[in-house]
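The values are calculated or read from the model by the stated rules, or taken from the named source; none is laboratory data. Just so it is clear, the model here is predicted, and its values are computed rather than measured. Note that each Cβ is placed from the backbone with ideal geometry, even for glycine, and that neighbours are counted across all protein chains shown. Areas reflect the complete protein model, heavy atoms only, side chains present, ligands, DNA and RNA absent. Shrake-Rupley method; radii C 1.70, N 1.55, O 1.52, S 1.80 Å.
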Amino acid sequence: MSEVTFPEGFLWGGALAANQSEGSYLAGGKGLTTVDMLPLGAHRMPVKLGLEKRFALRDDEFYPSHEAIDFYHRYKEDIALMAEMGFTVFRTSIAWSRLYPNGDELTPNAEGIAFYRSVFEECRKYGIEPLVTLCHFDVPMHLVTYYGSWRNRKMIDFFARYARSCFEAFEGLVKYWLTFNEINILLHSPFSGAGLVFEPGENHDQVKYQAAHHELVASALVTKIAHEINPANQVGCMLAGGNFYPWSCKPEDVWAALQKDRENLFFIDVQARGAYPSYAARVFREKGVEIVMAPEDADTLRHTVDFISFSYYASRCASAEMNEQNSSAANVVKSLTNPHLQRSAWGWGIDPLGLRITMNMMYDRYQKPLFLVENGLGARDEINAAGEINDDYRIHYLQQHIQAMGEAIADGIPVIGYTTWGCIDLVAASTGEMSKRYGFVYVDRDDQGHGTLNRVRKRSFWWYQQVIASNGRNLSFE
Ligand code: BG6
């Protein structure tokens, strides 16, 4: 493995999200959000997809987000562990419904603000830069049941009010902001992505793209607000990344892969370039989509992001013959199974070179700094008789991906930093499992919610500490 170099001041750290880590789902005045309605088990997927309406909790179901890993009470211990690894950045999200329990109030909930202020102050105490997502798969349920969530244009104002409260309350504490986590997931998982639930007979594409328009306008508007409140604020978009490879060099397969990439990049094209891309009109026409826009939207969309953030777990693959039967979802987005790749225990293709390819494509396209804000291996970990967790498979995965990111930097791409996903074990977004672990720190909790919640350092903890201490020069482990 050749040595790669990272720029001085490169940010190293890890990421969590409120809905997968905090728990305390009704504490401190918090309101119910979309993710609180996602049960463990067979109903999870239909609810996530917006195909099964779940507007009330049921007594016979287990909801993993309700307790999660109790970051709400343990954040000081968790941030201390991050500091021990040498983190210089920590990504988390603010739960919208801690600040606005229903979503349509006029002023924020002071208890919610106090909680996040304390989290960010704790980060600053250790010299850790917070990187904050405003909306990570959680919409206050009242906005879903009463307004239809992002189908409704009123959401733009609700979101802008919430975002303004965050920028004002955390000014001086937070500089790096992301508007919507994996905004393109709205297309693939509409309820968890954007609070959308479909009525029978509806054109789903119409609902999704109208909601997407509202989110894109909201994202641009809050980018503008962030810059007005403090010009030092840096705002990024966030893509569920991973390029599509053509299944073969048959031109039809190459075209299919390009179309699939555009489906996801559509969002970033708007957020980074400030207008709908030229290909959008035909796509909408062919899908029977007509977007209702306000006259001022084109101007609002011109407020582009400062940097492009993205998650990368796996590359994807498409062919002209791709359909529901021959494709499956790795990280929600449907793909053919690439026979050239090894796969994780959850079937996600492992492709470090795909990361370099994805980064090069994105920088060629946008010419804005990149920030890799999610990457990692979901795996089952075991504690041995000595109480240790030797997660060499995770170290190997991260080592190869950090190497690939280093190669992309050597290719000439400016990269702000790197936050691995689930730096402390948390609830998996797709399945709701705890046993799908990403962390450097093990959390004693099982899929059904049993366990002490105690934290245990894994072998990867010490390895990542060494990576950070050497600014990425020393990726080795024996
Ligand atoms: C991303 C999300 O899609 O992938 C995270 O932003 C999610 O919220 C992560 O947890 C990994 O997916 P999963 O399903 O393994 O948790």
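Details
- Set side by side, the residues Ala275, Ala257 differ, and just one is within 20 Å of Gln206 (Cα to Cα), modelled with pLDDT of 95 or more and small (Gly, Ala, Ser), which is Ala275.
- Options Arg117, Arg91: the member that is crowded, with 19+ Cβ neighbours inside 10 Å and at pLDDT 95 or above: Arg91
- For the range 382-390, the condition of being closer than 28 Å to Met1 by Cα, hydrophobic (A, V, I, L, M, F, W, C), within 18 Å of the chain's Cα centre (by Cα) and away from the ligand (no atom under 14 Å from the Cβ) holds for none of the residues.
- Of all the listed residues (Leu372, Leu377), the sole one being modelled with pLDDT of 95 or more, within 22 Å of Arg445 (Cβ to Cβ) and within 14 Å of the ligand (Cβ to nearest atom) is Leu377.
- Restricting attention to the range 304-331, the residues that are within 14 Å of the ligand (Cβ to nearest atom) and open to solvent by 40 Å² or more (accessible area, probe 1.4 Å) total 2.
This table checks each residue for (1) surrounded by 22 or more Cβ atoms within 10 Å (Cβ to Cβ); (2) modelled with pLDDT of 95 or more; (3) farther than 30 Å from Leu131 by Cβ; (4) within 16 Å of the ligand (Cβ to nearest atom).
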{"position": "His204", "(1), (2), (3), (4)": "no, yes, yes, no"}
{"position": "Ala218", "(1), (2), (3), (4)": "yes, yes, no, no"}
{"position": "Ala226", "(1), (2), (3), (4)": "yes, yes, no, no"}
{"position": "Pro231", "(1), (2), (3), (4)": "no, yes, no, no"}
{"position": "Cys249", "(1), (2), (3), (4)": "no, yes, yes, no"}
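- Filter result (out of contact with any strand residue (DSSP E or B) (no Cβ under 8 Å at 6 or more places or on another chain) and within 16 Å of the ligand (Cβ to nearest atom)) within the range 397-426: His401
Results for (1) assigned to a loop (DSSP other than H, G, I, E, B); (2) more than 27 Å from Glu290 (Cβ to Cβ); (3) not charged (D, E, K, R), shown as yes or no for each residue.
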| residue | (1), (2), (3) |
| --- | --- |
| Trp150 | no, no, yes |
| Leu186 | no, no, yes |
| Phe191 | no, no, yes |
| Lys208 | no, no, no |
| His214 | no, no, yes |
| Lys224 | no, no, no |
| Ala232 | yes, yes, yes |
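Condition check ((1) surrounded by fewer than 24 Cβ atoms within 10 Å (Cβ to Cβ); (2) touching a helix residue (DSSP H, G or I) at 6+ places or on another chain (Cβ under 8 Å); (3) of a type in the set (Lys, Arg)) across all residues:
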residue	(1), (2), (3)
Gln20	no, yes, no
Leu32	yes, yes, no
Pro39	yes, yes, no
Arg44	yes, no, yes
Ala68	no, yes, no
Gly103	no, yes, no
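- When each of Phe180, Phe198, Phe167 is tested for being within 16 Å of the ligand (Cβ to nearest atom) and over 18 Å from Val292 (Cα atoms), the lone residue that passes is Phe180.
- Pair list, Cβ < 7 Å and 6+ apart or interchain, from the range 301-329 residues that are touching a residue at least 24 places away in the same chain (Cβ under 8 Å) to residues that are open to solvent by 40 Å² or more (accessible area, probe 1.4 Å) and among the acidic types (Asp, Glu): Ala320/Glu252
- Residue in the range 402-410 that is within 26 Å of Ala42 (Cα to Cα), of a type in the set (A, V, I, L, M, F, W, C), touching a helix residue (DSSP H, G or I) at 6+ places or on another chain (Cβ under 8 Å) and at pLDDT 95 or above present: no
- Taking (1) outside any helix (DSSP H, G or I); (2) under 23 Å from the mean Cα position of the chain (by Cα) in turn, Val144 satisfies each apart from (1).
- Restricted to the range 32-113, the set of helices (runs of 4 or more DSSP H) holding at least 3 residues that are farther than 17 Å from Thr145 by Cα and of a type in the set (A, V, I, L, M, F, W, C) comprises 71-85.
- Restricting the first member to the range 103-115 and to residues that are among the β-branched types (Val, Ile, Thr), and the second to residues that are buried (at least 16 other Cβ atoms within 10 Å of the Cβ), the beta-carbon pairs closer than 7 Å and six or more apart or on different chains are Ile113/Leu99; Ile113/Ala169.
- The conditions of being within 30 Å of Asp205 (Cα to Cα) and either at pLDDT 95 or above or not aliphatic (A, V, I, L, M) (or both) are met by Val144.
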